[in-house]
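A short write-up of the structure that comes next.
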């Protein structure tokens, strides 16, 4: 795996979670209607979904599954090869 694109988390307040990463790590926060709130630190993103909020992102195809400890994970591929919100 050349790099981790992003890690996704469910949270009751995606804006507050992203603001924390912005404040502490200098993350660049990106919000787009219908998508999770993203916080980019260097080449890696943190996606903050509302509780029960992950779904098809439109710009990518995602496969959601649970690990042995019941954490929800997503394997994702972007249609253009990379997340266009990084620009």
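Observations
- Geometric descriptor of segment 6-76, per residue, is 96 Å³ (volume of the convex hull of the Cα atoms).
- Ordered by the count of other Cβ atoms within 10 Å of each Cβ, fewest first, 28, 23 give 23, 28.
Bear in mind that the values in this text are calculations on the coordinates, not laboratory data. Predicted model, so just to flag it, every value in this text is computed and none were measured. Every residue, glycine as well, gets a Cβ built from its backbone with ideal geometry; the counts of neighbours run over all protein chains shown.
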